[in-house]
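Please treat every number below as a calculation from the coordinates, not as lab data. Keep in mind the model is a prediction, meaning the values are calculated, not measured. Here the Cβ positions follow ideal geometry from the backbone for every residue, glycine too, while neighbour counts run over all protein chains shown.
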Amino acid sequence: MYHFKNIKDTDFLKNRRHEAYIFLILFFLFFGYLGNKMGVANMLNTIMNTSWDLLLNTVFFIMGITVISGALGKLMIEFGVVRLLEAGLSPLMRPIFNLPGVAALAGLMTFFSDNPAIISLANDKSFSKYFKKHELISLTNFGTAFGMGLIVLAFMSGLGYFKPAMIGFAGSIIGAIVSTRLMQLMIKNKIPVKKAPPKDNVTDEHVSYKSEGGVFLRFLNAILDGGKSGVSLGLAIIPGVLIISSIIMIVTFGPKDATIGYQGLAYEGVPILPKLAGYADWLFYALFGFENPELIAFPITSLGAVGAALSLVKAFVAEGIINGNAIAVFTAMGMCWSGYLSTHTAMLDTLGYRELTSKALLSHTIGGLMAGISAHYLYLLAVFIF
């Protein structure tokens, strides 16, 4: 037994050693290439200056939005606005998303906060009892499609693109429909269908809201608790924005002044991503209407962190390569994907269905692409009509 254990340990160590070799090779190839093009000192200065500028001018801007939207969301929950919206949206859930009416609450909660809000709801028996098993699992796709929705809309609107942002919101709904229904179709026959709860357990689709204290105290607690959750969310996006966005930007943009060359300034880099995207620019133009290959950086970043993706928008505005169509597509794909690669596994693991992660990722990838395509053509239709 001891001999076999040693063999397993030796194999494990060999595998980890191979991983280390591969990592070091890729690491030095990537940064060696950048350092060769930019100069090592310029590369390091650019990374530090980009991270610093992102922290000051993007993270704190987004955090301000998350604090305000968190307080607003909590107020809307506390004083029954979400309850009113839920009542209005509930009749639409079954025909559109093939979900029970209470699923509207899940969409609203993630819209006002972030993807993980769906986990606490799905684990609440007073909520989950209205769902068949495959419907409950598909909530990971449905809820994710609206994650950080209020923050994304507020950010885009704050840049002066309210109408394109609303068109993008419509596109994200289309993406949510595709993702949710496709997920249900893929797993329905592989998951045992949950029987309907007994009649004495469920009378109607209604989730209770408990409020205690006077109106002023409830108001004060709501804005403070909501603002605090906004601070937590704002802090949570810092690693994604500083690390992911810095790397994406350094392979997206070139030197600030081509005549001078690299100076170690923020947002400089070697435009590897646009060059690769340029080979399929006709496809990105047909699907999303992107006129510049650099714009593909936003959807790619949204796969891991939509907060990080938002940080790219200001850079695109500064470069003068963004328009209303791009904002509509960004809003749709940013909301629909909202960093699902980093949350889907954890969400399904919490629900006890980690083995379905690949199906959830596939269906949501398709849903996000449909969201962007829909937003592009909805924008063209809006321009044509108005």
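The figures follow:
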item	result
Cβ-derived FRET efficiency at R0 25 Å, Leu276 paired with Val383, nearest 0.05	0.25
Between 0 and 90°, nearest 10: helix 357-385 axis offset from the chain longest Cα axis	80
Computed helical MRE - 222 nm, the chain, DSSP H runs ≥ 4 contributing -39500 (n - 2.57), nearest 500	-22000 deg cm²/dmol
Degrees, to the nearest 10: 306-319 long Cα axis against longest axis of the chain	50
Charge sum, other residues only, whose C-beta stays under 10 Å from Ala71's C-beta, Lys/Arg counted +1 and Asp/Glu -1	+1
Of Lys132/Lys228; Lys125/Lys190; Lys163/Lys228; Lys125/Lys188; Lys74/Lys133; Lys275/Lys359, those spanning more than 25 Å from alpha-carbon to alpha-carbon	Lys132/Lys228; Lys163/Lys228; Lys74/Lys133; Lys275/Lys359
Size-normalised alpha-carbon gyration radius of the stretch 79-188, reference 2.2 N^0.38 Å	1.06
On Cα atoms only, tilt of 40-54 relative to the major axis of the chain in degrees	30
Whole-angstrom Cα spans of the chain along principal axes, big to small	74, 73, 45
Ranked list, fewest to most other Cβ atoms within 10 Å of each Cβ, for Trp337, Trp52, Trp282	Trp282, Trp52, Trp337
Two-site label geometry, Ala346 and Leu235: point separation in nm, points 7 Å out along Cα→Cβ	1.5
Calculated FRET value between Phe31 and Phe219, using beta carbons and R₀ = 51 Å, to 0.05	0.50
Rg/Rg_globular for the stretch 231-318, with Rg_globular taken as 2.2 N^0.38 Å and Rg from C-alpha atoms	1.14
Per-residue Cβ neighbour rank within 10 angstrom, fewest leading, His364, His376	His376, His364
Calculated SAXS-style log₁₀ I(q)/I(0) at q = 0.12, 0.18, 0.21, 0.23 Å⁻¹ - the stretch 298-386, Debye, Cα scatterers	-0.43, -0.79, -0.96, -1.06
Efficiency of FRET from Cβ geometry, Leu55 and Asn189, R₀ 45 Å, rounded to 0.05	0.40
Footprinting exposure proxy for Tyr279, Tyr285 (fewest neighbouring C-beta atoms within 10 Å first)	Tyr279, Tyr285
Percentage, to the nearest whole number, of Cα pairs in the stretch 233-284 over 16 Å apart	54
Neighbourhood charge, 13 Å Cβ-Cβ cut-off, centred on Met156 and excluding it, Lys, Arg +1 and Asp, Glu -1	+2
